[in-house]
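In what follows, a structure is listed as structure tokens, so that the remarks can point back to it.
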Amino acid sequence: MVTKITLSTIADNLGLSTATVSLALRNSPLVAETTREKIHEHAKEIGYVYDRRAASLRTQRSDIVGVLVRDIINPFFAEILRSIEAELGNNRQTFLVCNHSDDISLQNDFISTLMQFGADGVIMSPSVGTDA
């Protein structure tokens with residue numbers, strides 16, 4: 001079984017505090033540039049993967065936005081998705097897309113799943129017959 005690499009793993013390996021490692025991985029100016037570079041390099045070498053779930057407990061944000069569309073093949077929605085992706089990417093956020101095909105049940109299931117994952121928001125082109 002592979003051991004999960006955590007901030008503590010990096011901190012212990014480099015003889016630093018977990019707070020310093022956390023700040024460095026978020027590119028905080030509170031950590032010297034040389035130290036940030038050393039931490040980023042080591043994290044990459046040992047295969048550290050950012051844990052959004054752990055971060056969301058601290059920040060109360062998931063950095064995930066749900067996008068619901070009627071027809072993903074429609075060029076209108078493709079263009080909108082491209083713009084959403086660019087804008088969210090500027091803020092290091094991501095989106096999950098649901099192609100609901102005007103199926104209210106599928107739309108509601110997707111919204112429920114987004115709520116369970118603590119999504120920060122929803123952008124939607126609602127199904128015909130959706131209540132306000």
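The values are calculated or read from the model by the stated rules, or taken from the named source; none is laboratory data. Just so it is clear, the structure is predicted and the values come from calculations on it, not from any experiment. Here the Cβ is made from the backbone with ideal geometry for all residues, glycine too, and neighbour counts use every protein chain on show. Side chains included, ligands, DNA and RNA excluded: accessible areas come from the protein's heavy atoms. Shrake-Rupley method; radii C 1.70, N 1.55, O 1.52, S 1.80 Å.
With the Cα gyration tensor of the stretch 85-125 giving a ≥ b ≥ c as the square roots of its eigenvalues, does the rule (a/c under 1.5 for rounded; else a/b larger than b/c for prolate; else oblate) give rounded, prolate or oblate? Before the final figure, lay out the partial values.
Details: a/c = 3.33, a/b = 1.67, b/c = 1.99.
Verdict is oblate for the stretch 85-125.
The order of M115, M124 by accessible area, most exposed first and with a 1.4 Å probe, is M115, M124.
Within the stretch 1-84, the chymotrypsin sites (Phe, Trp or Tyr not before Pro) that combine a DSSP coil assignment with at most 11 other C-beta atoms in a 10 angstrom radius are Y50. Between the beta carbons of E41 and D131, assuming R0 = 35 Å, the FRET efficiency works out to 0.10 to the nearest 0.05.
Considering only protein heavy atoms and a probe of 1.4 Å, how much of the accessible area of the chain is carbon and sulfur, as a whole percent?
On the way: 4980 of 9040 Å².
C and S atoms contribute 55 percent here.
The trypsin sites (Lys or Arg not before Pro) of the stretch 57-132 that DSSP puts in a loop, and whose beta carbon has at most 15 other beta carbons within 10 Å, are R61, R92.
Taking the Kirkwood radius as Rh and the Cα radius of gyration as Rg, the stretch 19-132 has a ratio of Rg/Rh equal to 1.11.
Label positions at L96 and D51, each projected 7 Å from the Cα along the C-beta direction, are separated by 2.0 nm. Extension gain, T34-R58: 0.36 nm per intervening residue step, less the Cα-Cα distance, totals 6.0 nm.
With contributions of -39500 (n - 2.57) from each DSSP H run of at least four residues, the per-residue ellipticity at 222 nm computed over the chain stands at -15500 deg cm²/dmol. Taking all protein chains as shown and a probe of 1.4 angstrom, L88 keeps an accessible surface of around 20 Å². Across the chain, the relative contact order, built from alpha-carbon pairs under 8 Å that are at least six residues apart, equals 23 percent.
So how strong a dipole does the chain carry about its Cα centre when Lys and Arg Cβ are +1 and Asp and Glu Cβ are -1, to the nearest 20 debye? Write out the running numbers ahead of the final one.
Working: 12 positive and 16 negative charges, 111 e Å.
The calculation lands at about 540 debye.
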